[in-house]
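K.L.:
Got a structure for you, written out below as structure tokens; questions coming shortly.
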Amino acid sequence: MVAFLGVFLGGAGLGTFLLARSHRPAHALVSTHTPLSNKVDVPDRNEDDEDRALAFRAPTGRAPGLSCDEAQRIVRDFRKEQLAYVAPPVAAHVFAVATSDWLDPHGLWSAAPDATPAAVLEHDAAQLILDLQGTGDCKAPRHIGQALHAWTAEVHKSFLAGRRSPSADDGNDLAHRAFAVDAPSDARGFARTLGSRYGAFDRDFGAPFAPFLETGEERLFPVQDTDAWGAIVLAAAVRAYVDVVDPHSAWAPYGEEASVYDVDLESDRPPRLWEHATRTAVGARLDDGTLPPLAVGDVLLDVNGMATAGLSVEQLDQLAFSAAEVQEGATVTVLRAGQHAPLQLNLTPPSPGPKTAGRPAAAPFDLPVDRVPYGAGDVAIIAAHDVYDDLGALVTGAIARERLHGDRPLVGIILDLRGNGGGSTEGAIDTLGIFLPGAKLFPMKRRDGTIETDRAPEPKEVDRWNGPVATLVDVGTASAAEMIAGALSAYRRGPVIGAPTYGKGCAQEYMEDVAHTGILRVTTLLYALPDGAAVQRVGLLPTYRFPFEPAEGKIDREATMKNAPPSWLGPDVRGADYAQTFPPVPWPAPGAAVGPCRDPNVCRAIELLGDDKKRVASSRQR
């Protein structure tokens, strides 16, 4: 049985797809192997785990591996059972490049131009696809594994030669210097450089740091047989296959599942020991968001006995979460700038805080609101940059505060959804309950043709907003944010102002994979607006067009994304009497000038409200 863990609508395509894998570069560090026959033990969750949205397992420190049977079962279930649509065939070259990315995150194994396994992977890619799809004999991963076995031994020789010629640089400086570089043009030369850094660190720091250096070397150049390498190839191939088939889907093994979630959107975001870290040759330099007594600039050497040297991006990130969840706290070893001895620290787990404290460190507890003069009263412009799980509660709180604030009456609410890449369906639906209590919302179609329809909640009367409402959108408005603006428009409840939106009309669900080896995020649903209008590959056409430019610069739309899911027109679920149940609430003409606004463009845009002559004349083809 597949365990479903939640529904998510990430606004993919905003620079890179949101909530996809960590999208690590081809040079991120990889660790040692999981044997072909091994399965990952899944620890039982305790009652405390059930109280949290997410509970992350500790990383293994080894490169993930899958047996042929496990890989085939995951791919078969993903492609033929869970995916919301019939996906096109996988292009062998694209698949080979993606597999190389997951196989070789540091550039030494297959990403560097001189890495011989890359050619073998390219040659065997078509057969590897057949192996994953269950029509091959699984000889391809073993063949690629043979090439990796020989090549890593060769590159390791370059590393050892460099270690015998230590760098003249100071070891402390090297310990803090970023390990990651662009994918090296010469793997042997890069390995030699790493070796010389290890030699300098060993020269300047000596025996206390030897275990960390040894672990890093083992993860860089693992000594393992062809079968073990084949298991690593299969795990990388499954990750690549899922990504290539559907750009919004992802698979991650246990110990790296944080890479498929966007924890910043959780209302009860799990704690972590640090926010961002940069890998160095001997550990991880902590860059911000550290939990005391950790300090920014520390080079983290180990956590609860797990050395950080050579950990992949995904496992290092996972470690920040999993160690913070240990009830008895964490014991860590760090190197501080200017010191030459390891420092051991004891960290106590952070105390749970209010739900809004789960926001990203840079975000306020409350949604930002601008109150702008509009005719005889004011409008509250509420900015939502993501659709959090608890967005409905945050919007409710913002409106309640504004009702009590100011000398002039509050005559309208404007939700600023520009650049909002989406997030939680629950957050979108709860937000719509404020303006459309009890309304039937989005028909959602599964692969088998089953259509599910959401209904907005019915909050207390005091928490509803019965006055005028509108939304501001741009090309960066995607997914769950398009749900909010689209539903208000479909019910004629609130006009949409801005530019055509991104066009992501599909939803993802998290689930345990059928092989019980990891977590899948899968596009399981295509959704339409309450009037049946398509969103996927189409987007929203504004009621009032205004040329808002995205803050991130040029953003491609969903329709241009490789292998994006198909569009879908759904049934009209509003009901014949929806106009009586939810009568339009027209915006009054502002009369006098609007504003001033912090952004003059916003004032110019909302001046269009109440001017029917400037509505975009449009009809959706059904």
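The values are calculated or read from the model by the stated rules, or taken from the named source; none is laboratory data. These numbers were taken from a predicted model, which means no experiment stands behind them. Reconstructed Cβ throughout: ideal geometry from the backbone, glycine too, with neighbour counts over all protein chains shown.
K.L.:
Could you list, in sequence order, the residues of segment 551-562 that are surrounded by 17 or more Cβ atoms within 10 Å (Cβ to Cβ) and in a loop (DSSP other than H, G, I, E, B)? Spell out the reasoning first.
P.N.:
Pass one, segment 551-562, residues surrounded by 17 or more Cβ atoms within 10 Å (Cβ to Cβ): 555, 557-558, 561.
The answer is ILE555, ARG557, MET561.
K.L.:
Determine if segment 178-190 includes at least one residue that is under 27 Å from GLY305 (Cβ atoms) and in contact with an Asp or Glu (Cβ under 7 Å, 6 or more places away or on another chain). Walk me through how you get there before you give the answer.
P.N.:
We begin by selecting, within segment 178-190, every residue under 27 Å from GLY305 (Cβ atoms); these are 178-180.
Those left that are additionally in contact with an Asp or Glu (Cβ under 7 Å, 6 or more places away or on another chain): none.
Within segment 178-190, none of the residues are under 27 Å from GLY305 (Cβ atoms) and in contact with an Asp or Glu (Cβ under 7 Å, 6 or more places away or on another chain).
Yes/no per residue for (1) among the aliphatic types (A, V, I, L, M); (2) in contact with a helix residue (DSSP H, G or I) (Cβ under 8 Å, 6 or more places away or on another chain); (3) under 30 Å from ALA559 (Cα atoms):
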residue: THR215; (1), (2), (3): no, no, no
residue: PHE221; (1), (2), (3): no, yes, no
residue: ASP225; (1), (2), (3): no, yes, no
residue: PRO247; (1), (2), (3): no, no, yes
residue: TRP251; (1), (2), (3): no, yes, yes
residue: GLY255; (1), (2), (3): no, yes, no
residue: ASP264; (1), (2), (3): no, no, yes
residue: HIS276; (1), (2), (3): no, no, no
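K.L.:
How about segment 284-305: which of its residues are in contact with a strand residue (DSSP E or B) (Cβ under 6 Å, 6 or more places away or on another chain), surrounded by fewer than 18 Cβ atoms within 10 Å (Cβ to Cβ) and closer than 13 Å to LEU345 by Cα?
P.N.:
Hits for segment 284-305 are PRO293, ASN304.
K.L.:
If LYS440 meets every condition in (1) among the charged types (D, E, K, R); (2) more than 18 Å from ARG492 (Cβ to Cβ); (3) touching a residue at least 40 places away in the same chain (Cβ under 8 Å) apart from one, which number is that one?
P.N.:
Single failed check for LYS440: (2).
K.L.:
On to the next question. Across segment 321-350, what is the number of residues that are acidic (Asp, Glu) and surrounded by 13 or more Cβ atoms within 10 Å (Cβ to Cβ)?
P.N.:
Taking segment 321-350 first, the residues acidic (Asp, Glu) are 325, 328.
So of that shortlist, the ones also surrounded by 13 or more Cβ atoms within 10 Å (Cβ to Cβ) come out as 325.
The number of residues fulfilling the criteria is 1.
K.L.:
Output the helices (runs of 4 or more DSSP H) that fall wholly within segment 1-119 and possess 1 or more residues being at pLDDT 95 or above, buried (at least 21 other Cβ atoms within 10 Å of the Cβ) and within 21 Å of the chain's Cα centre (by Cα), or say none.
P.N.:
On the way: elements: 47-50, 68-77, 92-103.
Helices (runs of 4 or more DSSP H) meeting the threshold: 68-77, 92-103.
K.L.:
If you take the residues of segment 458-477 that are buried (at least 24 other Cβ atoms within 10 Å of the Cβ) and in contact with a helix residue (DSSP H, G or I) (Cβ under 9 Å, 6 or more places away or on another chain), which of them is nearest to ARG403 (Cα to Cα)?
P.N.:
Among residues in segment 458-477 that are buried (at least 24 other Cβ atoms within 10 Å of the Cβ) and in contact with a helix residue (DSSP H, G or I) (Cβ under 9 Å, 6 or more places away or on another chain), the one nearest to ARG403 (Cα to Cα) is ALA470.
K.L.:
In addition: Would you check if ALA487 is closer than 30 Å to ARG73 by Cα, outside any strand (DSSP E or B) and among the small types (Gly, Ala, Ser)?
P.N.:
no
K.L.:
In contact (Cβ under 8 Å) with a residue 40 or more places away in the chain and touching a Phe, Trp or Tyr at 6+ places or on another chain (Cβ under 8 Å): which single residue out of ALA337, ALA240 fits that description?
P.N.:
Details: ALA337 fails: touching a Phe, Trp or Tyr at 6+ places or on another chain (Cβ under 8 Å).
Going through ALA337, ALA240 in turn, the sole match is ALA240.
K.L.:
Tell me the residue from VAL538, VAL585, VAL594, VAL514 that is without any contact (Cβ under 8 Å) to a residue 40 or more places away in the chain, part of a loop (DSSP other than H, G, I, E, B) and of a type outside the set (Gly, Ala, Ser), please.
P.N.:
Numbers: VAL585 fails: without any contact (Cβ under 8 Å) to a residue 40 or more places away in the chain; VAL594 fails: without any contact (Cβ under 8 Å) to a residue 40 or more places away in the chain; VAL514 fails: without any contact (Cβ under 8 Å) to a residue 40 or more places away in the chain.
Just a single option satisfies the conditions, and that option is VAL538.
K.L.:
Residues in segment 517-535 that are surrounded by fewer than 24 Cβ atoms within 10 Å (Cβ to Cβ), touching a strand residue (DSSP E or B) at 6+ places or on another chain (Cβ under 9 Å) and part of a loop (DSSP other than H, G, I, E, B): how many?
P.N.:
Total meeting the criteria: 1.
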